[in-house]
Each structure stands twice: as structure tokens, then as C-alpha cells.
Amino acid sequence: MKKIILGKYTLQTPTLEHAKQQAELQAIVFPTLSWEELITEEKYKKHLEIFPEGQFVVLDGDRVVASCTTLRQNYHKEHHTFLEISDNLWLGTHDPNADWIYGLDVSVHPNYQGRGIGREIYNARQDVARKLGCKGQMTAGMPIGFERVKNQMTIAEYCDKLIKGEIIDPTVTAQTKCGFILVKPLFDYLDDPRSGNCSVLMYWPLDSKTKLSENH
Ligand SMILES: CC(C)(COP(=O)(O)OP(=O)(O)OC[C@H]1O[C@@H](n2cnc3c(N)ncnc32)[C@H](O)[C@@H]1OP(=O)(O)O)[C@@H](O)C(=O)NCCC(=O)NCCS
């Protein structure tokens with residue numbers, strides 16, 4: 001897949017040559033995430049063997065300015081972590097028959113954020129879900145704005161306010177504006193002090209009547 005977006009960038013399936021730049025981008029976009037939760041060059045190359053349709057980069061000329069990693073999974077109501085759902089980021093947990101596209105990350109370089117690139121990537125994932133006959137996409141978004149208020153409330157209180165729409169978070173609010181419905185916090189999902197080690201489970205069905213589970 002390859003197409004021009006926003007009149008000047010290329011959104012496409014990565015090649016093996018992009019893997020090094022993708023790995024470098026991870027460290028820039030997720031500066032407080034533990035090193036074992038950052039996707040390496042070798043893992044990016046493996047993803048192209050496992051589920052090429054789900055992987056994208058956005059290029060400005062030859063430079064990778066955004067990237068995303070995707071697998072296919074069902075909804076798991078039991079507690080799980082970022083590393084468990086992704087087979088330590090190798091995507092061995094990819095299930096070609098699962099109901100949902102599972103977005104492991106979207107990484108837009110800080111100099112390119114707020115220009116519509118993230119929305120284009122989430123829309124491209126929705127197209128993949130449609131083509132593969134999935135119900136839509138789900139992801140776990142990092143509530144990175146927690147860092148600003150961590151002396152005033154717990155991460156549970158922060159997520160509660162986010163889900164009620166009472167506060168704005170740079171990541172989770174952007175994801176809701178793109179189409180996601182917030183479900184619940186996943187505590188101890190990853191190792192990132194900025195987000196209180198938490199992510200917020202969310203989904204975006206292709207058909208608005210489709211629910212993630214009987215409770216959501
Ligand atoms: C979150 C992220 C993927 C969004 O991508 P982006 O290219 O910056 O977002 P877009 O420009 O496409 O904006 C999409 C929508 O979100 C809104 N938005 C973007 N940044 C926002 C912010 N800081 N606060 C509130 N809303 C925001 C935009 O206004 C837009 O909505 P609108 O069209 O209704 O105005 C990107 O900022 C990013 O990579 N952040 C750091 C890494 C991360 O947290 N990734 C996601 C979790 S894995």
C-alpha cells in the first residue's frame with residue numbers, strides 16, 4: 001500500500017530499509033517508556049513477515065516521520081500487559097482469524113504532531129479492518145498528560161475523569177477525536193511513569209452498533 005496524504009507525505013507499507021528509522025523514532029516519541037517496551041529494528045522486520053497489511057510508515061521525502069504497529073486480536077477481559085498482548089513486541093500473538101485489529105502503537109515525530117498524520121494512520125487501520133472483515137480496531141492509549149497532575153490525583157482518578165470527558169489528554173483525547181470510544185483503564189499495562197504505568201482501552205467499530213463485549 002502506498003498513497004499521498006495531506007498533499008505532501010507518503011503513507012505506505014514499510015520496507016526492511018525503514019526498520020532502523022522506525023526504531024529510532026520509537027525512542028524519540030516514547031522517551032519515558034522502558035527500553036524493553038520499545039520496538040527494535042529486528043522486531044520491525046519480523047512484523048513485515050507476520051502481518052504486512054497492518055504496518056505503516058509515513059515518509060516526508062525519505063525520512064520516516066510516523067510509524068505504527070498492528071496485529072489482529074480478540075478482546076481479552078482478563079488483565080494483560082503490553083508485552084503479553086504483543087509476544088514481547090514480536091507479534092507472535094497475531095491471530096489471523098481474530099475479530100479486531102489491535103493497534104500496538106502510533107508514533108508521530110513530535111515536530112509532525114498535530115498536522116493530521118495520526119488521523120490518517122487510524123483511518124488506514126480502519127480500511128484494513130474493513131478489507132479483512134474485522135469488526136474495527138481497538139487499542140490502549142497512553143494517558144501521558146497524567147504527569148502534569150500526578151501530585152493532585154491518582155492515575156485511577158485521572159482515567160475516570162478522562163472517560164467522563166472532564167479533562168483533555170494529549171494522546172487519549174486525540175484518539176477520541178479520531179473516532180475511538182473509551183472503555184476502561186488497564187493498570188500496570190506498561191512501564192511508563194509519565195502515564196502512571198497505565199493505558200486506556202478503547203475501540204472504534206466499523207458499525208456503530210457493534211460493541212467490544214457484552215459490558216462495553
Ligand atoms: C497521539 C498521536 C498519535 C496523534 O497523532 P497526531 O498526528 O498528532 O494527531 P492529528 O493531528 O491527526 O489529530 C487528530 C485529532 O486529535 C486532536 N489532537 C491532536 N493533538 C491533540 C492534543 N495534544 N490535545 C487534544 N487534541 C489533540 C486534533 O485536533 C485532531 O482532532 P480534530 O481534527 O477534531 O481537530 C501523536 O500525537 C503521537 O504520536 N503522540 C505520542 C505517542 C503516542 O502517545 N501515541 C499513541 C499511543 S501508542
Test: residue in segment 54-69 that is among the polar types (S, T, N, Q), closer than 25 Å to P170 by Cβ and touching a residue at least 40 places away in the same chain (Cβ under 8 Å): yes
For V106, work out the one condition from (1) under 21 Å from F51 (Cβ atoms); (2) of a type in the set (A, V, I, L, M); (3) more than 8 Å from the ligand (Cβ to nearest atom); (4) without any contact (Cβ under 8 Å) to a residue 60 or more places away in the chain it doesn't fulfil. (3)
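Okay, residues lined up against (1) farther than 20 Å from H18 by Cβ; (2) loosely packed, with under 15 Cβ neighbours inside 10 Å:
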| position | (1), (2) |
| --- | --- |
| C68 | no, no |
| E84 | yes, yes |
| L91 | no, no |
| V106 | no, no |
| G114 | yes, yes |
| R125 | no, no |
| C159 | yes, no |
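Only strands (runs of 3 or more DSSP E) wholly contained in segment 1-112 count here; list those with 2 or more residues that are within 22 Å of C134 (Cα to Cα) and at pLDDT 95 or above.
Of the strands (runs of 3 or more DSSP E) lying wholly inside segment 1-112, those with at least 2 residues that are within 22 Å of C134 (Cα to Cα) and at pLDDT 95 or above span 9-12, 56-60, 63-73, 100-108.
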Matching residues, segment 1-52, being among the hydroxyl-bearing types (S, T, Y) and surrounded by 12 or more Cβ atoms within 10 Å (Cβ to Cβ): Y9, T10, T13, T32, S34, T40, Y44
Which condition number does K177 fail, the rest of (1) under 23 Å from N215 (Cα atoms); (2) within 15 Å of the ligand (Cβ to nearest atom); (3) not in a helix (DSSP H, G or I) being met? (3)
Is it true that L212 is touching a residue at least 12 places away in the same chain (Cβ under 8 Å), within 14 Å of the ligand (Cβ to nearest atom), crowded, with 17+ Cβ neighbours inside 10 Å and not charged (D, E, K, R)? no
Conditions (1) over 15 Å from C68 (Cβ atoms); (2) more than 7 Å from the ligand (Cβ to nearest atom); number of the one not met by R115: (2)
Residue identified as within 16 Å of the ligand (Cβ to nearest atom), under 17 Å from I144 (Cα atoms) and not polar (S, T, N, Q) among L25, L33: L33
Quick one: in segment 133-152, of everything that is touching a Gly at 6+ places or on another chain (Cβ under 9 Å) and assigned to a helix (DSSP H, G or I), which residue is surrounded by the most Cβ atoms within 10 Å (Cβ to Cβ)? F146
Considering only segment 179-195, state which residues are more than 16 Å from E36 (Cα to Cα), surrounded by 19 or more Cβ atoms within 10 Å (Cβ to Cβ) and out of contact with any His (no Cβ under 9 Å at 6 or more places or on another chain). F180, L182, P185, S195
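The values are calculated or read from the model by the stated rules, or taken from the named source; none is laboratory data. All figures in this text were calculated on a predicted structure; none of them were measured in a lab. For neighbour counting, all protein chains shown are included, and Cβ atoms are generated from backbone atoms with ideal geometry for every residue, glycine included.
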